[in-house]
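Below you'll find the structure I mean.
The values are calculated or read from the model by the stated rules, or taken from the named source; none is laboratory data. Because the structure is predicted, anything quoted here is derived from the model rather than measured. For neighbour counting, all protein chains shown are included, and Cβ atoms are generated from backbone atoms with ideal geometry for every residue, glycine included. The accessibility values were calculated without ligands, DNA or RNA, using every heavy atom of the protein model including side chains. Shrake-Rupley method; radii C 1.70, N 1.55, O 1.52, S 1.80 Å.
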Amino acid sequence: MTSVATRIDLLSGKPANLPGTPPASSTCSTDLATNPWDFAPTVSAGYGPGASQGDVVPAGSPAQPVIPEEYQHASAEELDRRIAAAKQALGDRVVVLGHFYQRDEIVKHADFLGDSFQLARAARSKPEAEAIVFCGVHFMAETADILSGDHQSVILPNLAAGCSMADMADEDSVEEAWEQLMGLLGETTADGRQTVVPVTYMNSSAALKAFCGRHGGIVCTSSNAATVLEWAFERGQRVLFFPDQHLGRNTAKAMGIPLEQMPMWNPRKDLGGSTAQELQDARVILWHGFCSVHRRFTVAQIDQARAEHPGVRVIVHPECPMPVVDAADENGSTDYIRKAIAAAEPGSTFAVGTEINMVNRLAEEHPEHTIFCLDPVICPCSTMYRIHPGYLAWVLEELVAGRVINQITVDPETARDAQVALERMLAALPR
């Protein structure tokens with residue numbers, strides 16, 4: 001295993017690539033994320049080992065204080081016992097939510113396992129629970145706080161578990177984009193429809209969900225993105241889709257919208273880098289954001305999989321770049337991928353383009369198939385890996401002692417507006 005000193009050297013040096021480009025393979029070993037407390041907030045401006053290491057963490061992002069040493073030095077077996085004992089002691093007073101991308105040592109303790117759409121529903125399904133422990137990333141915990149009851153506390157085991165994609169669209173930049181678009185297009189068309197309907201992916205801050213709630217918009221997930229775009233086009237002439245350009249492009253293209261009607265909005269350029277005419281002709285305006293994990297997948301990887309495994313079935317997540325989605329046999333949300341593999345004839349071979357924890361878990365759950373990840377480097381999500389069993393044991397044992405720590409709270413005004421957009425999302429059922 002790489003030493004702590006070597007891990008810190010990897011983090012403290014300048015990234016070899018530009019922000020957002022795939023990091024060097026040497027930084028992508030899952031061993032690098034074994035002990036997330038090794039990476040102090042001051043060591044690096046990046047997210048730590050994994051696909052998004054080269055992305056910049058915004059100033060003011062939550063930092064996780066070092067947890068007690070007893071949790072750092074405990075064996076995996078001891079942490080497993082302590083988590084189980086704490087959950088048993090708490091009973092129905094706590095519910096643990098786990099995202100598909102979490103490591104297996106966390107997933108085994110989750111009361112609900114799912115994608116962001118499923119977990120948004122699960123967050124409100126246990127009103128008797130006093131605490132919701134969300135094993136995911138920050139924007140997911142914010143959503144749980146918005147949708148849960150006032151009597152419930154939402155806890156994120158590691159406050160540094162953020163999301164580089166969510167950070168690519170901040171409230172000030174979106175407000176500035178909106179002002180420019182309203183100045184160019186006006187607020188309504190001659191027939192009273194909105195000129196622009198804002199749509200934010202679930203992978204965004206509560207503030208941006210609130211922005212959509214205030215401006216007649218909606219939240220989407222990868223499960224219901226097509227349903228959400230249909231909803232938006234019923235109400236408006238065009239869509240501003242943020243922060244993930246790839247989900248927006250792939251979904252709109254599948255609906256028959258030509259690429260020339262999907263200009264990119266770069267927040268660092270006037271009018272997003274497009275001409276006034278391009279924006280007037282647009283149906284979907286795509287924000288310049290992406291997922292660093294899914295951006296690693298390539299057409300060359302698909303070609304290699306087909307060459308080495310004749311008859312392979314290639315399924316990728318719609319956060320992948322358009323050429324990758326086009327080259328694959330299918331694309332869909334994490335839940336779609338899971339269901340497609342479960343329903344396949346025994347003996348099938350799958351090459352999957354999504355986060356490695358989920359791919360490995362699917363391979364273990366379905367020994368009747370051959371299942372492997374498209375990316376040979378196997379680069380994990382930097383921040384999903386920050387939810388280590390040590391953190392989960394810590395927050396649960398604090399709850400047993402009557403203390404709520406690492407609570408995620410969205411202010412009432414933001415929560416009110418964000419809930420409007422989230423309720424619209426929950427009503428827009430996946431196809």
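Please report, as a whole percent, how much of the solvent-accessible surface of the range 357-431 comes from carbon and sulfur atoms (probe radius 1.4 Å).
52
Then there's this: Rounded to the nearest 20 debye, what is the charge dipole size of the chain about its Cα centre when +1 sits on each Lys and Arg Cβ and -1 on each Asp and Glu Cβ? Show your work: numbers first, answer last.
Numbers: 33 positive and 54 negative charges, 81 e Å.
Roughly 380 debye for the chain.
Okay, next question. Starting from the Cα gyration tensor of the range 48-176, take the square roots of the eigenvalues, sort them a ≥ b ≥ c, and report rounded, prolate or oblate (rounded when a/c is under 1.5, otherwise prolate if a/b is larger than b/c, else oblate).
Here the range 48-176 falls in the oblate category.
Thinking of the range 263-364 as a set of Cα atoms, what percent of all their pairs are more than 19 Å apart?
52
Within straight cross-link reach of Lys87, meaning Cα distance under 28 Å, which lysines are found once same-chain residues fewer than 8 apart are removed?
Correct list for Lys87: Lys108, Lys126.
In addition: Can you list the equivalent-ellipsoid semi-axes of the range 346-431, largest first and in whole Å, using the square root of 5 times each Cα gyration tensor eigenvalue? If you can, show how the numbers build up before the last one.
On the way: eigenvalues 235, 110, 34 Å².
Semi-axes from the Cα gyration tensor: 34, 23, 13 Å.
Read phi for every residue in the range 321-327 and hand back ³J(HN,Hα) as whole Hz from Karplus 6.51 cos²θ - 1.76 cosθ + 1.60, θ = phi - 60°, with x for Gly and Pro.
x, 3, x, 5, 4, 5, 7
How far is helix 245-254 tilted, in degrees, relative to the longest principal axis of the Cα atoms in the chain, given as a value from 0 to 90 rounded to the nearest 10?
60
Continuing with this model, one more query. Residues of the range 260-337: accessible area per residue at 1.4 Å, in Å²?
Per residue, the range 260-337 has an accessible area of 42 Å².
Still on this structure, please answer the following. Cα axis of helix 138-147 to longest principal axis of the chain: angle in degrees, 0 to 90, nearest 10?
Taking Cα atoms only, the helix is inclined about 80 degrees.
From the backbone phi of the range 98-107, what are the Karplus-calculated ³J(HN,Hα) couplings (6.51 cos²θ - 1.76 cosθ + 1.60, θ = phi - 60°) in whole Hz, Gly and Pro given as x?
x, 7, 3, 7, 6, 5, 4, 5, 8, 4
With every protein chain kept in place and ligands, DNA and RNA left out, what is the accessible area per residue of the range 200-245? Probe 1.4 Å, answer in Å². Write down the numbers at each step before the final one.
Details: 890 Å² over 46 residues.
I get 19 Å² per residue for the range 200-245.
Then there is this: Averaged over all directions, how much area does the convex hull of the C-alpha atoms of the chain cover when projected, in nm²?
Hull-based average projected area comes out at 20.7 nm².
Determine, from the Cβ-Cβ distance of Glu330 and Arg121 and an R0 of 22 Å, the FRET efficiency 1/(1 + (r/R0)^6), rounded to the nearest 0.05.
Calculated transfer efficiency: 0.35.
Take the Cα coordinates of the range 123-218, assign each an equal point scatterer, and use the Debye formula without solvent to give log10 I(q)/I(0) at q = 0.11, 0.24 Å⁻¹.
Debye curve over Cα of the range 123-218, log10 I(q)/I(0) at q = 0.11, 0.24 Å⁻¹: -0.43, -1.19.
Given the rule -39500 (n - 2.57) for each run of at least 4 DSSP H residues, summed and divided by the residues of the chain, what is its mean residue ellipticity at 222 nm, to the nearest 500 deg cm²/dmol? Mind dumping the intermediate values first?
Values: 17 runs with 164 residues, N = 431.
Result for the chain: -11000 deg cm²/dmol, rounded to the nearest 500.
Could I ask something else about it? Can you pull a Stokes-Einstein diffusion coefficient for the range 102-155 at 20 °C (1.002 mPa s), Rh from Kirkwood over Cα pairs, as a whole number of µm²/s? Show your work: numbers first, answer last.
Details: Rh = 11.2 Å.
D, rounded to a whole number, is 191 µm²/s.
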